[in-house]
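Working notes, beginning with the structure itself.
Derivation of every value follows stated rules applied to the coordinates shown; laboratory data play no part. All of these numbers come straight from a predicted model, not from anything done at the bench. As a convention, Cβ positions derive from the backbone with ideal geometry for all residues, glycine included, and neighbour counts pool all protein chains shown.
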Amino acid sequence: MPATCQVRVLGRFSVVVDGRPVPGDVWRNRRAADVVKLLAVAPDHRLHREQVMDLLWPDLPVDAAGANLRKAVHYARRALGCADAVRCAGRLLTLWPAGVLDVDLDRFERTADAALASGDAGRCAHAAADYRGDLLADDRYECWVVEPRAKARARYTALLRAAGDWTRLLDLDETDEEAHRAVMRRHLAAGNRREALRQFERLRRALRERVGVGPDA
């Protein structure tokens, strides 16, 4: 059976190889972990060497960045316990090419897209449950994480909206007027005008403090 590698990038980064968790202390070389993370979130889990070098060592000369990349790949292979964990073929780096690679972001994207296409609120709520946290939460200030994190979060937000999960939407963004209106309508439908007014005040305060505008008419 081909070796399996499960990579979690939603929330905190972790790796399991053939059912055995990879201890966190093996990533003492931080850039080794970064190479694995980059490839895990990349389309088809492959990138050109130059892309990785530009993302991780943008200020270094090519020779120095190349040397750092070779060292990082070496430590990544050692951490994952496989000489082919990161394959270098020509100028292309590929993550876990000879075995079964399972990345939680891939599964979330497939499930989310299918649920959104179906338009079924229940399926969307179920798919949203697979979102275990923002992408690579411990790498909040890495520039290369910003775009894929925003895309994953946008999918999650779309799922919550389609599921009508207004409470979680407001936990993510307290300036979301659609979510506030839905909660106000829910309070009014239950005959609770006072709570509806409190919700409106919460919206007005959030917009004023965060955006500097008032609610729509």
Original post:
Based on the Cβ-Cβ distance from residue 204 to residue 106, what FRET efficiency comes out when R0 is 41 Å, to the nearest 0.05?
Top reply: 0.50
**OP:** Write down, largest first, the equivalent ellipsoid semi-axes of the range 15-59 in whole Å, where each equals the square root of 5 times an eigenvalue of the alpha-carbon gyration tensor.
**Re:** 22, 14, 5
Subject >> Orientation-averaged projected area, Cα convex hull of the range 145-184 (nm²) >> reply: 2.7
Subject >> For the chain, built as a Gaussian network whose Cα springs stay under 10 Å, the top-fluctuating residue of 89, 129, 152 >> reply: 89
Original post:
Per the Kirkwood treatment, what hydrodynamic radius in Å, one decimal, follows for the range 86-176 from the mean inverse distance over all distinct Cα pairs?
Top reply: 14.8
**OP:** Amide H neighbours of residue 4 under 5 Å, at least 5 residues apart or on other chains, H built in the peptide plane: list them.
**Re:** 18, 100
**OP:** List, in order, the whole-Hz ³J(HN,Hα) value for each residue of the range 88-98 obtained from phi through the Karplus relation with A = 6.51, B = -1.76, C = 1.60 and θ = phi - 60°; use x for Gly and Pro.
**Re:** 10, 10, x, 10, 10, 9, 10, 8, 6, x, 9
**OP:** Go ahead and set up a Gaussian network model of the chain, Cα springs under 10 Å, then flag whichever of 160, 38, 203 fluctuates most.
**Re:** 203
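With a ≥ b ≥ c taken as the square roots of the eigenvalues of the C-alpha gyration tensor of the range 5-80, please select rounded if a/c is under 1.5 and otherwise prolate if a/b is larger than b/c or oblate if it is not?
Because a/c hits 1.5 or more and a/b exceeds b/c, the range 5-80 counts as prolate.
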Subject >> Under the Debye formula (equal points on every Cα, no solvent term), log10 I(q)/I(0) of the chain at q = 0.10, 0.11, 0.12, 0.13 Å⁻¹ >> reply: -0.58, -0.66, -0.74, -0.82
Subject >> Charge tally in the Cβ shell below 15 Å around residue 184, where Lys, Arg are +1 and Asp, Glu are -1, residue 184 excluded >> reply: +2
**OP:** Using only the Cα atoms of the range 127-217, each taken as one equal point scatterer with no solvent, compute I(q) by the Debye sum, divide by I(0), and report log10 of the ratio at q = 0.22 Å⁻¹.
**Re:** -1.08
Original post:
Could you give the Stokes-Einstein D for the range 101-149 in µm² per second, using the C-alpha Kirkwood radius, 10 °C, 1.306 mPa s?
Top reply: 133
**OP:** Go through the range 34-130 and name the trypsin sites (Lys or Arg not before Pro) that are in a DSSP coil and have 13 or fewer other Cβ atoms within 10 Å of their Cβ.
**Re:** 91
Original post:
Counting pairs of alpha carbon atoms under 8 Å apart in space and at least six apart in sequence, what relative contact order in percent does the range 94-217 give?
Top reply: 18
Original post:
Assigning unit charges at the beta carbon (Lys, Arg +1; Asp, Glu -1) and nothing else, what dipole magnitude in debye, to the nearest 20, does the chain show about its Cα centre?
Top reply: 380
**OP:** Count the DSSP beta bridges whose two residues both fall in the chain, then state the antiparallel fraction as a percent rounded to the nearest 5.
**Re:** 80
Original post:
If you build a Gaussian network model of the chain, linking Cα atoms that sit under 10 Å apart, which residue out of 187, 74, 48 swings the most?
Top reply: 187
